[in-house]
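Okay, so here's the structure we're looking at.
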Amino acid sequence: MYSVRMRAAEGGKHEEGGRHISGAERVVPQEIVEKTVAIMLERAFSHARGQADFINITVEKVEPSAIQQVPLLPVYNVEALTVEEGLKAAEHALVAAGVTSNGAKQGIVTLLSLADSMRGAMLLSAVTGQRLDNTGDRGIRVSRMDIEKEEVFISQLARQGIHNSHVQEALVLASKVAAGPSIVAELCWSDDPEYTTGYVASAAGYTRIPHCKLLGSSIGGRIFFVNPAADISLLKNYLQEQPVLVRI
């Protein structure tokens, strides 16, 4: 098995101030590594956020014995007709997952105040909503994950009428995150200007929420709400380094 990871930026490398354009994560057998890399390159060159001029693809062998399996989260949907309704639904879902009302409000304000999208997530206290990591504008990128039985997974999403790349990738990521140490909930909406649906996820499930931002906005972000007593180093290692396959 191989971990295949892509990140793309415009205006130079991420570390040198380049604007994040796209990213992708897979854990695949050797025979489809080349195909996976080609798909990632095409994605980097054709993303709605802009034209990438820096693309980094990493291919790394992963021992099967090192891969952790986690359950796929069940999917739920809520209705919202406006951004105001969408954000209110997100707040309610976060509180239901165990985030305090103050923490949920603070998290939403934090995402709304971003000047541009980050390529990683912020860690916020599920009690106060205050930031707990020290990664600045870079954030913590969740890495080394994939879904088992991909064709079955896609068929399941298609039967629910929600099969698209946004849901497919976000649900795999959210399933890994929800199984992490000290994770209470996740809040996310995409930086894709053509996609406005966000979600709140926890160990209890993945809740899709329409209209978390205005159509045309290229600013999105991701927050992981954690127990304030969390071992941040342990959590970061799980999110970034632990290979995970999500089981159906």
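The values are calculated or read from the model by the stated rules, or taken from the named source; none is laboratory data. All values reported here derive from a predicted model rather than from experimental measurement. Cβ: placed from backbone, ideal geometry, glycine included. Neighbour counts: every protein chain shown.
Filter segment 164-180 down to the residues that are outside any helix (DSSP H, G or I) and either under 10 Å from Val244 (Cα atoms) or modelled with pLDDT of 95 or more (or both) and list them by number.
Initially, segment 164-180 is screened for residues outside any helix (DSSP H, G or I), giving 164, 179-180.
Within segment 164-180, Ala179, Gly180 qualify.
When you scan segment 48-98 for strands (runs of 3 or more DSSP E) that lie fully inside it, which ones turn up with 1 or more residues that are more than 28 Å from His20 (Cα to Cα)?
Values: elements: 54-61, 68-71, 75-77.
Because the criterion is at least 1 residues that are more than 28 Å from His20 (Cα to Cα), the strands (runs of 3 or more DSSP E) in segment 48-98 that meet it are 68-71, 75-77.
For Pro193, work out the one condition from (1) assigned to a loop (DSSP other than H, G, I, E, B); (2) closer than 18 Å to Thr100 by Cβ it doesn't fulfil.
(2)
Kindly evaluate Cys212 against the criterion of being touching a residue at least 24 places away in the same chain (Cβ under 8 Å), in contact with a Lys or Arg (Cβ under 7 Å, 6 or more places away or on another chain) and not in a helix (DSSP H, G or I).
Numbers: touching a residue at least 24 places away in the same chain (Cβ under 8 Å): yes; in contact with a Lys or Arg (Cβ under 7 Å, 6 or more places away or on another chain): no; not in a helix (DSSP H, G or I): yes.
The answer is no for Cys212.
How many of the residues making up segment 208-244 are farther than 25 Å from Leu112 by Cβ, under 15 Å from the mean Cα position of the chain (by Cα) and aliphatic (A, V, I, L, M)?
1
Can you tell me which of Ala90, Ala121, Ala66, Ala97 is in contact (Cβ under 8 Å) with a residue 60 or more places away in the chain, exposed (fewer than 14 other Cβ atoms within 10 Å of the Cβ) and either hydrophobic (A, V, I, L, M, F, W, C) or in contact with a helix residue (DSSP H, G or I) (Cβ under 6 Å, 6 or more places away or on another chain) (or both)?
On the way: Ala90 fails: exposed (fewer than 14 other Cβ atoms within 10 Å of the Cβ); Ala121 fails: exposed (fewer than 14 other Cβ atoms within 10 Å of the Cβ); Ala97 fails: exposed (fewer than 14 other Cβ atoms within 10 Å of the Cβ).
Every option except Ala66 fails the conditions.
Kindly check whether there is at least one residue in segment 23-35 that is assigned to a helix (DSSP H, G or I), β-branched (Val, Ile, Thr) and outside the structural domain of Gly216 (by TED's automatic domain parsing). Don't jump to the end; show me each part of the working.
Let us first name the residues in segment 23-35 that are assigned to a helix (DSSP H, G or I), namely 30-35.
Remaining after also requiring β-branched (Val, Ile, Thr): 32-33.
Right, trim to outside the structural domain of Gly216 (by TED's automatic domain parsing) and you get 32-33.
Scanning segment 23-35, I find at least one residue that is assigned to a helix (DSSP H, G or I), β-branched (Val, Ile, Thr) and outside the structural domain of Gly216 (by TED's automatic domain parsing), so the answer is yes.
I'd like the residue in segment 181-223 that is farther than 28 Å from Gln69 by Cα and buried (at least 22 other Cβ atoms within 10 Å of the Cβ) and, out of all such residues, is modelled with the lowest pLDDT. Steps first, please.
Step one: filter segment 181-223 for residues farther than 28 Å from Gln69 by Cα, giving 191-196, 210-220.
From what's left, buried (at least 22 other Cβ atoms within 10 Å of the Cβ): 191, 212-213, 220.
Values: Asp191: 89, Cys212: 96, Lys213: 95, Gly220: 93.
So, considering only residues that are farther than 28 Å from Gln69 by Cα and buried (at least 22 other Cβ atoms within 10 Å of the Cβ), the one modelled with the lowest pLDDT is Asp191.
Looking at (1) small (Gly, Ala, Ser); (2) outside the structural domain of Ala201 (by TED's automatic domain parsing); (3) within 18 Å of Val167 (Cα to Cα), can you tell me which one Ala80 breaks?
(2)
Name the single residue that is nearest to Ala24 (Cα to Cα) among those in segment 138-158 being part of a helix (DSSP H, G or I) and not polar (S, T, N, Q). Steps first, please.
We begin by selecting, within segment 138-158, every residue part of a helix (DSSP H, G or I); these are 150-158.
Still in the running and not polar (S, T, N, Q): 150-154, 157-158.
Numbers: Glu150: 16, Glu151: 18, Val152: 20, Phe153: 18, Ile154: 17, Leu157: 19, Ala158: 21 Å.
Filtering first and then ranking leaves Glu150.
Of all residues in segment 142-152, how many are surrounded by fewer than 19 Cβ atoms within 10 Å (Cβ to Cβ) and either in contact with a Leu (Cβ under 9 Å, 6 or more places away or on another chain) or more than 27 Å from Leu72 (Cα to Cα) (or both)? Walk me through it before giving the result.
Going residue by residue through segment 142-152, those that are surrounded by fewer than 19 Cβ atoms within 10 Å (Cβ to Cβ) are 148-152.
From the residues that got through so far, the ones that are either in contact with a Leu (Cβ under 9 Å, 6 or more places away or on another chain) or more than 27 Å from Leu72 (Cα to Cα) (or both) too are 148.
Qualifying residue count for the region: 1.
Right, Gly103: more than 22 Å from His166 (Cα to Cα), assigned to a helix (DSSP H, G or I) and touching a residue at least 60 places away in the same chain (Cβ under 8 Å) or not? Spell out how you get there, then give the answer.
On the way: more than 22 Å from His166 (Cα to Cα): yes; assigned to a helix (DSSP H, G or I): yes; touching a residue at least 60 places away in the same chain (Cβ under 8 Å): yes.
Against the criterion (more than 22 Å from His166 (Cα to Cα), assigned to a helix (DSSP H, G or I) and touching a residue at least 60 places away in the same chain (Cβ under 8 Å)), Gly103 qualifies.
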